[in-house]
Amino acid sequence: MNSNYPKVFMEWNVENIRNYMREKNIQNNLEPNNSMDSLGIYKIDKTDNRHWIIYMEGPKDSLYKNGHFQLTMDFPNDYPNSKPEIRFVNKIYHLQVSPSNGHVCAGFLINWKPGTTISECLVGIYLFMALEQNPGSPYSGEQAREYEKNRQEFNRKAMEWTKKYAQISKDILYENKFDNLEQKYKNLEFNVTKLQNEINELKSIISEKDSKIDFYKDKY
């Protein structure tokens, strides 16, 4: 499967992640629980500030498209000086994901920089699934050989695992969609109320001016 993502981002380092964010106009100050539709992230649960559960769709035009993945992000006490630990809860056929515990070994984590933000971590995860994999540092030598010598079979297994394992409860999907709709409704209601207040204020100003005009008309 050919990726539509640029080869320049294959290293997954933070500079390339930031370049990608600028190219796609992804803001780096997103609220953690806001939907990041452009990255397929549709829900983030925070059991506490140090342990996050992330629900993400597999990137389009990748081996993991149509998959719904659950990941965990655990932040050390000295984050961002130290990197978070990221794991896939779903089984995923990927060279840089441990088959035993789902631990992620991505370039932006290996070459961690203290200034890396949560938003950049989330983009890094997305690119991690979207881009070419690195057979030079695999968890499984057998998978790496397959990736290099029989890419068609590797791709078949990756897509098969995505279909088999990368599914989550529809209740979670729909719950989030309803949450988003409810939030959009609240935002719309707020904006309508704000607009109505502005209209009433404008009417009041116009009425006051009309009263002054009538006063001067009567007087003169």
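Each value in this text was obtained by applying a stated rule to the coordinates, not by laboratory testing. Since this is a predicted model, take the numbers as computed values, not measurements. Reconstructed Cβ throughout: ideal geometry from the backbone, glycine too, with neighbour counts over all protein chains shown.
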Original post:
Taking 0.36 nm per residue of separation and subtracting the Cα-Cα distance, what length does fully extending residue 81 through residue 137 add?
Top reply: 17.8 nm
Subject >> Modelled FRET efficiency - R0 45 Å, residue 28 with residue 156, Cβ distances, 0.05 increments >> reply: 0.75
Subject >> By average C-beta atoms within 10 angstrom, highest first, the peptides 131-141, 65-75 >> reply: 65-75, 131-141
Subject >> region 47-135 - Debye-derived log10 I(q)/I(0), Cα point model, q = 0.18, 0.21, 0.24 Å⁻¹ >> reply: -0.78, -1.07, -1.38
Original post:
What list of ³J(HN,Hα) values in whole Hz, one per residue of region 105-116 in order, does the Karplus curve 6.51 cos²θ - 1.76 cosθ + 1.60 (θ = phi - 60°) give from phi, with Gly and Pro shown as x?
Top reply: 10, 9, x, 5, 8, 5, 9, 5, 10, x, x, 5
